[in-house]
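> Once you've had a glance at the structure underneath, I'll fire off some questions.
Nothing in this text is a laboratory measurement; each read-out follows from the coordinates by a stated rule. These numbers come from a predicted model, not from an experiment. Don't worry about glycine lacking a Cβ; one is built from the backbone with ideal geometry, like all the others, and counts go over all protein chains shown.
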Amino acid sequence: MDNSEKEILMELLRGCIAEKKVKMLREVFDEYNVVDMSELVAELSVEEALFVFKTLKKEVSSEIFSYLSHEKQESLIELLTGPEIQSILNNLYSDDIVDFIEEMPANLVEHILKSASQSQREEINRLLSYEANSAGSIMSIDFVQLKEKDTVSEAIEKVRKQGKVAETISYCYITDSKKKLKGYLPFRSLLYAQNDDIIEDIMDTDLIFVRTSDDQEIAAQQIQKYDITAIPVVNDEDCLVGIITVDDILDVINEEATEDIQLMNAITPIEDTYMETGVIKMYKSRIIWLLILMISATFTGQIMAHYEEVLSQYVILSVFIPMLMDAAGNAGNQASTMIIRALAMGELKPKHILSVWWKEIRIAFLCGLTMGAVNLVRILIFMHQVDMKTSLIVSLTVFVTVCLAKMVGSTLPIVAVKLKQDPAVMAGPLITTIVDALALITYFMLVTKLLIPFL
């Protein structure tokens, strides 16, 4: 749907709402994609959106509600009656219910729980009890469950009944009398099986699953690795308690990527979108790291102060400091970015640190050698006032600092994982601050040992 079509539809919606054309409003929502229509509802005033919710079919209004921002959801919940809230809850999957409840203030959560049925309250409270960002916290308890001794015809009948509320019927999960997960069966396989076949004989027992306590990233890695659309979640007793579908994983990937980008750029992670986040909250998310990095820059200042006499006597040396610090920072950030991604994708484990070092040493040698050589040619062509000895020392510093920066950049994210911290913390500005100090120390040590004694 392009912008011009959206504008026309928005005018039509507002016209239907203003003139109370209920039938036409329903026809519009039946004709267009729910996701596209939810974007239009998000732009309506709360009063207009409320009219839409009271007008549409329950299942349609519930689906639209799940796509709205938390801010819009909160505004609507405040105005909806108990039965209307219960209607929305009845038509939402359990994981979607938990998603919007987690963002609500306490008074609205209480309002929602009072409107929910007893079974819904129990389900919601159980899901909310799981640790944040765990597999249990994002799973859905709406799935198709079969028994080992079911026949195919009995199983298909169960799918018909359970599938009405299940988040997906792509996979059917088989449990024993104690609800322990024993196997799974793609629905397609079930359709092509003979009616009198026993599920136990045709199910796949090569189980891929996660536990409720596992990090949500593990679920994302498993779904990506095995190219599946859903993964079962079991508790410590191996009992099936829920499933995680690929749409939930897309949300996880988006959240994790956003968090990593923020950490890599020295911003304390925030959950709301840019436009939803207030100035004070945005300020708090940035100022802490800015202060830490400003204070940590004291080290580079002290290094410069320590070699102040050298710089005052050989002013030309100061010309190369920005270039050396930039080269070191860029080299370190390149290495850390690749390592952080590999760790996030599960391609790399802390135990692989020796292999990482061996690879990065070779990469650093080639990069440092190339950059040092190009720098030497650059100085000789464009900076005739610099003698050959100084040119060689600066180029040697480039080589050494690039090698050091790549080793530091590849090591720190792995150290962070070993310390059970997010590796993204060890990136961007923090890596730059560390390798800047290393670049200066290396530069002045080489200058004082190899250059000044011969001048």
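> Could you check the simple spin-label distance between E131 and S213, using points 7 Å along Cα→Cβ, in nm with one decimal?
Modelled inter-label distance: 0.8 nm.
> Could you give the C-alpha radius of gyration of the range 31-154 expressed as a fraction of 2.2 N^0.38 Å, taking N as the number of residues it contains? Don't jump to the answer; show the numbers that get you there.
Numbers: Rg = 16.1 Å, N = 124, 2.2 N^0.38 = 13.7 Å.
That works out to 1.17 for the range 31-154.
> So which GluC sites (Glu not before Pro) in the range 210-305 are both in a DSSP loop and have at most 10 other Cβ atoms within 10 Å of their Cβ? Mind showing how you got there, number by number?
Values: sites: E217, E237, E255, E256, E259, E271, E276; in loops: E237, E271, E276.
Sparse-neighbourhood loop GluC sites (Glu not before Pro): E237.
> Right, here's the next one. Among (i) 1.18; (ii) 1.33; (iii) 1.11, which is the computed Cα Rg over 2.2 N^0.38 Å?
Answer by label: (ii).
> Please go through the range 1-75 and write out the trypsin sites (Lys or Arg not before Pro) that DSSP classes as loop and that have at most 13 other C-beta atoms within 10 Å. Write out the running numbers ahead of the final one.
Numbers: sites: K6, R14, K20, K21, K23, R26, K54, K57, K58, K72; in loops: K20, K21, K57.
Answer in residue order: K20, K57.
> How high is the FRET efficiency between N330 and M445 when r is their beta carbon distance and R₀ equals 22 Å, given to the nearest 0.05? All intermediate terms of the calculation are to be shown ahead of the outcome.
Details: r = 21 Å, r/R0 = 0.97.
FRET efficiency, N330 to M445: 0.55.
> Moving on. Mind listing the long-range amide H neighbours of R211? Cut-off is under 5 Å, sequence gap 5 or more, other chains count too, H placed in the peptide plane at 1.01 Å from N.
V234
> Determine ³J(HN,Hα), in whole Hz, for all residues of the range 369-382 in sequence, where each value follows from phi through the Karplus function 6.51 cos²θ - 1.76 cosθ + 1.60 and θ = phi - 60°; x replaces Gly and Pro.
Once rounded to whole Hz, the list reads 5, 5, 5, x, 5, 5, 5, 4, 5, 4, 5, 5, 7, 9.
> To the nearest 20 debye, what is the magnitude of the charge dipole of the range 210-366 about its Cα centre, counting +1 on the Cβ of each Lys and Arg and -1 on the Cβ of each Asp and Glu? Don't skip to the end; give the middle numbers.
Values: 10 positive and 22 negative charges, 164 e Å.
Once rounded to the nearest 20, the dipole reads 780 debye.
> Compute the Cα gyration tensor for the range 297-454, then decide on rounded, prolate or oblate, letting a ≥ b ≥ c be the square roots of its eigenvalues: rounded whenever a/c is under 1.5, prolate when a/b is larger than b/c in the other cases, and oblate in all that remain. Please list the in-between numbers first.
Details: a/c = 2.80, a/b = 1.86, b/c = 1.50.
Prolate shape, in that a/c is at least 1.5 and a/b is the bigger ratio.
> A further question on this structure: Could you give the angle, 0 to 90 degrees to the nearest 10, between helix 429-446's Cα long axis and the longest principal axis of the Cα atoms of the chain?
Computed tilt is about 10 degrees.
> Using amide H atoms built in the peptide plane, which far-off residues or other-chain residues are under 5 Å from G242 H to H?
Those qualifying (amide H under 5 Å, at least 5 residues apart or on another chain) are V233.
> On to the next question. Report, ordered by chain and residue number, the lysines lying within cross-link reach of K21, taken as a straight Cα distance under 29 Å and ignoring same-chain residues fewer than 8 apart.
K6, K54, K57, K58, K72
> Name the residues whose placed amide hydrogens come within less than 5 Å of the amide hydrogen of L146, ignoring near sequence neighbours (fewer than 5 apart) on the same chain.
For L146, whose amide H was placed from the backbone, the distant partners under 5 Å are Y173, I174, T175.
> Might you report the magnitude of the Cβ-based charge dipole of the chain about its Cα centre, with Lys and Arg at +1 and Asp and Glu at -1, to the nearest 20 debye? All intermediate terms of the calculation are to be shown ahead of the outcome.
Details: 40 positive and 66 negative charges, 363 e Å.
Here the chain has a charge dipole of around 1740 debye.
> So how do 327-336, 391-400, 356-365 stack up, highest first, on mean other-Cβ count within 10 Å?
Numbers: 327-336: 25.0, 391-400: 22.1, 356-365: 16.0.
Descending mean neighbour count gives 327-336, 391-400, 356-365.
> Moving on to the next point. Under the 0.36 nm per residue contour assumption, what length would be gained going from the current alpha-carbon distance of Y226 and T205 to full extension? Write down the numbers at each step before the final one.
Details: separation 21, 0.36 × 21 = 7.56 nm, distance 1.49 nm.
Answer, rounded to one decimal: 6.1 nm.
> Considering only DSSP beta bridges whose two residues both sit in the chain, what percent are antiparallel, to the nearest 5?
Numbers: 15 of 20 bridges.
Percentage antiparallel, nearest 5: 75.
> What distance in nm lies between label points placed 7 Å from Cα along the C-beta direction at L12 and T298?
Placing both labels 7 Å along Cα→Cβ, they lie 6.5 nm apart.
> Apply the Karplus parameterisation 6.51 cos²θ - 1.76 cosθ + 1.60, with θ equal to phi minus 60°, to every residue of the range 288-293 and state each ³J(HN,Hα) to the nearest whole Hz, in sequence, with x for glycine and proline.
4, 5, 4, 5, 4, 5
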